Amino acid sequence: MTELTQGDISAEIAELHAAYDARRAAGMPALDSAQVDFAPYRSSVLRHPTKNPKLVDPESIELASPAFGHRDVAAVEADLTVQHSGEPLGERMVVTGRVLDGDGRPVRHQLVEVWQANASGRYIHQRDQHPAPLDPNFTGAGRCITDDDGWYRFVTIKPGAYPWKNHVNAWRPAHIHFSLFGTDFTQRLVTQMYFPGDPLFPLDPIYQSIPDQAARDRLVATYDHDLSSPEWSLGYRWDIVLTGPKATWIEPEGSDA
Ligand SMILES: [Fe+2]
């Protein structure tokens, strides 16, 4: 099989977006969710759902599914820079925002979990063996509970871009994975947050699998200088909206890049 280049993938993305723009011009409503069988994202073609979801009893799933945990979430778990004896390398930052419903109401006391690559773009994961260094002072996972106004807040370092094997020279824009637990596991939602101005956006078939530009923009955090601390860290703001026309795109089950 011929190895696909970034040029091949970018041409496919441009073709699909042009077709989408034409359908929009003809009156089709905006598509603000990711296309689960977006061909430039190669593995999505092989594993996207082709049948309707199987209905199961949510209570029986709860018996065997991951749970909230056996202990409370400690405040320190929201600081990914203090989990080891030394400080992680990289650009220290605060990422904070609100979890809101479609009417702008805060979604309170929800478990928010994050996982991310280190500053070099490397995950501590068996499947990530690309030759960037692991950081002995950075695991890349944290969690917190939203407060009464729906706020979450993490202290971490900015993740690096990393290569993936979708095509030759494929690189993911820097991102942080977010999970929202809901009130039980069957309500869990997963998405990704990106950083403003990333030059990899137009090249990334995962980011581009959302046809609508405004919906893609909603995955990008805002740099907020008021959240930056002198001599210490930068600050980013990112709100997550669960429903309605301004909803944050949520991943279908099975995505893992
Ligand atoms: Fe990732």
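The values are calculated or read from the model by the stated rules, or taken from the named source; none is laboratory data. Keep in mind the model is a prediction, meaning the values are calculated, not measured. Cβ coordinates were reconstructed from backbone atoms using ideal geometry, including for glycine residues, and neighbour counts include every protein chain displayed.
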- Query: Do the conditions hold for V114, that is, is it within 13 Å of the ligand (Cβ to nearest atom), among the aliphatic types (A, V, I, L, M) and out of contact with any Pro (no Cβ under 6 Å at 6 or more places or on another chain)?
  - Reply: yes
- Those residues that are over 22 Å from P163 (Cβ atoms) and aromatic (F, W, Y), I need them from the range 179-214; list them, please. F181, F185
- For the range 76-93, name all the residues that are surrounded by 20 or more Cβ atoms within 10 Å (Cβ to Cβ) and either under 13 Å from F154 (Cα atoms) or within 16 Å of the ligand (Cβ to nearest atom) (or both). A78, L80, M93
- Residue set A119, A132, A64; condition within 16 Å of the ligand (Cβ to nearest atom), of a type in the set (G, A, S) and more than 20 Å from the chain's Cα centre (by Cα); output residue A132
- Item | Exclusive hit being touching a Pro at 6+ places or on another chain (Cβ under 6 Å) and among the polar types (S, T, N, Q), set T81, T50 | T81
- Message: List the residue pairs whose Cβ atoms are under 9 Å apart, where the first residue sits in the range 231-253 and is in contact (Cβ under 8 Å) with a residue 40 or more places away in the chain, the second is of a type in the set (F, W, Y) and part of a loop (DSSP other than H, G, I, E, B), and the two are 6 or more positions apart or on different chains.
- Response: Y236/F195; T248/W238
- Note on the structure: Here the residues within the range 229-246 that are outside any loop (DSSP other than H, G, I, E, B), under 17 Å from the mean Cα position of the chain (by Cα) and at pLDDT 95 or above are Y236, R237, I240
- in a strand (DSSP E or B) and of a type in the set (F, W, Y) - does that describe any residue in the range 103-118? yes
- Message: Looking only at the range 182-228, how many residues end up being assigned to a loop (DSSP other than H, G, I, E, B) and on the phi < 0 side of the Ramachandran plot?
- Response: 19
- Under 6 Å by Cβ, and 6 or more places apart or on different chains, what pairs join a residue from the range 160-185 that is farther than 30 Å from A64 by Cβ and more than 11 Å from the ligand (Cβ to nearest atom) with one that is basic (K, R) and modelled with pLDDT under 95? N166/R42
- Would you be able to say whether some residue in the range 114-126 is surrounded by fewer than 16 Cβ atoms within 10 Å (Cβ to Cβ) and either charged (D, E, K, R) or more than 30 Å from Q187 (Cβ to Cβ) (or both)? no
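Which one of these is modelled with pLDDT under 95 and β-branched (V, I, T): T5, T50, T81, T96?
T50
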- Scanning the range 151-191 for residues that are hydroxyl-bearing (S, T, Y) and farther than 21 Å from G97 by Cα, which turns out surrounded by the fewest Cβ atoms within 10 Å (Cβ to Cβ)? T186
- Counting residues that are under 19 Å from L203 (Cβ atoms), which helices (runs of 4 or more DSSP H) fully inside the range 1-64 reach at least 1? 6-25, 42-47
- Message: of a type in the set (S, T, N, Q) and surrounded by 11 or more Cβ atoms within 10 Å (Cβ to Cβ): which single residue out of S43, S60 fits that description?
- Response: S43
